[in-house]
Amino acid sequence: MLGRLNHVAIAVPDMEAGAAVYRDLLGAHVSDKVAQPDHGVSTVFIELPNTKIELLEPLGEGSPIAKFLERNPNGGIHHVCYEVDDIIAARDRLVAEGAHILGDGEPKIGAHGKPVLFLHPKDFCGTLVELEQA
Ligand code: CO
């Protein structure tokens, strides 16, 4: 069911500082910051040869990453995103196996314009998992 690792997401308290680490210290190609108001975050993508890093900064009131940053004030790995060929089939299979989907269980359009779902960490080795339609 799982395809490629699409990205690893890192929550940061300060996007300019986080982007500078990847651009200036690590010498990576860093995108411009994009507001994702539907998701309560701003994102920067860092293109690597085999995958991407997604930096997340809180946007607006009640950002879904606000509590994570309270617990991890320096930032930290927030989720991993795997590609699936058919996100509805993947969801239905996981739900049938008793796994928990966050939110209302319906895919939302994610940062790349493709449908995404988030899976509850308690069912996935303590890791928040994003599935993205390939
Ligand atoms: Co993501």
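The values are calculated or read from the model by the stated rules, or taken from the named source; none is laboratory data. Just so it is clear, the structure is predicted and the values come from calculations on it, not from any experiment. Here the Cβ is made from the backbone with ideal geometry for all residues, glycine too, and neighbour counts use every protein chain on show.
Can you tell which of Glu130, Glu47 is surrounded by fewer than 15 Cβ atoms within 10 Å (Cβ to Cβ) and either within 15 Å of the chain's Cα centre (by Cα) or modelled with pLDDT of 95 or more (or both)? Let's see the steps before the verdict.
Numbers: Glu130 fails: surrounded by fewer than 15 Cβ atoms within 10 Å (Cβ to Cβ).
Only one candidate qualifies: Glu47.
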Residue by residue through region 99-119, note down the ones that are free of Cβ contacts under 8 Å to residues at least 24 places away in the same chain and either farther than 21 Å from Leu56 by Cβ or exposed (fewer than 14 other Cβ atoms within 10 Å of the Cβ) (or both).
His100, Gly103, Asp104, Gly105, Glu106, Gly113
Got a number for residues in region 47-66 being away from the ligand (no atom under 14 Å from the Cβ), part of a strand (DSSP E or B) and over 11 Å from Pro37 (Cα atoms)?
1
Of the residues that make up region 81-88, is at least one out of contact with any Gly (no Cβ under 8 Å at 6 or more places or on another chain), away from the ligand (no atom under 13 Å from the Cβ) and in a helix (DSSP H, G or I)?
yes
Considering residues that are modelled with pLDDT of 95 or more, not in a strand (DSSP E or B) and not β-branched (Val, Ile, Thr), the number found within region 1-39 is 18
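Is at least one residue of region 33-45 out of contact with any Cys (no Cβ under 7 Å at 6 or more places or on another chain), closer than 17 Å to Ile10 by Cβ and of a type in the set (D, E, K, R)? Walk me through how you get there before you give the answer.
In the first step, residues of region 33-45 are kept if they are out of contact with any Cys (no Cβ under 7 Å at 6 or more places or on another chain); the result is 33-45.
Checking which are closer than 17 Å to Ile10 by Cβ leaves us with 33-34, 36, 39-45.
Filter again for of a type in the set (D, E, K, R), leaving 33.
Yes - at least one qualifying residue is present in region 33-45.
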